[in-house]
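All remarks here apply to the structure that follows.
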Amino acid sequence: MKAKYLAQIIVMGAQVVGRAFARALRQEYAASQAAAQARGRSGQQSAAASSISGMSLQEAQQILNISTLSPEEIQKNYEHLFKVNDKAVGGSFYLQSKVVRAKERLDEELTIQTQQQKQENTET
C-alpha cells in the first residue's frame, strides 16, 4: 500500500516538474524570438551565425579578449593567442581550436555588419 502511494507521489512530482520545464522552455523560446525581432535582420543573421558556429558573439569576444569589433585588434589578439596555445610550445590544442573558432565567429560578425552598412547606404 505504501509503495503505491510512493509511486503516485513520484509520478505526480515528475508531471509537475515536466510541465514547469515545458513552460520555461516555451517562455525562453518566445523571449529569444522577441529579441531577434527587436534586433531586426542583422540580429537574425547574427543569431544564425552563432547557431552555425556554435559560439555566441559575446563568447568569441571573451576568448579573444576584445571589447570592440576592430579587425586589427581581432587579428593581433588572435595571432598572440594562437601562438601561445601552440602544442609545440606546450599549449593546448583545445584552447587553440577555441581561438580559431572565436576568430571565425568575429570575422562572420564583421561581414554581417559590413553588409548591413552597405544595405543602409544604398537605401538612403
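No lab work stands behind these numbers, since they all come straight from the coordinates. Computed from a predicted model, the values in this text were never measured in an experiment. Glycine also receives a Cβ, built like all others from the backbone with ideal geometry; neighbour counts cover every protein chain displayed.
R0 = 30 Å: FRET efficiency of R26 with E73, Cβ-based, nearest 0.05?
The value I calculate is 0.15.
Just round it to a whole percent: the fraction of Cα-Cα distances in region 83-124 exceeding 15 Å.
57 percent
Which of the aspartates and glutamates could a cross-linker bridge to K76, judged by Cα under 12 Å and excluding same-chain residues fewer than eight apart?
Of all the aspartates and glutamates, none pass the test against K76 - Cα under 12 Å, at least 8 places apart if same chain.
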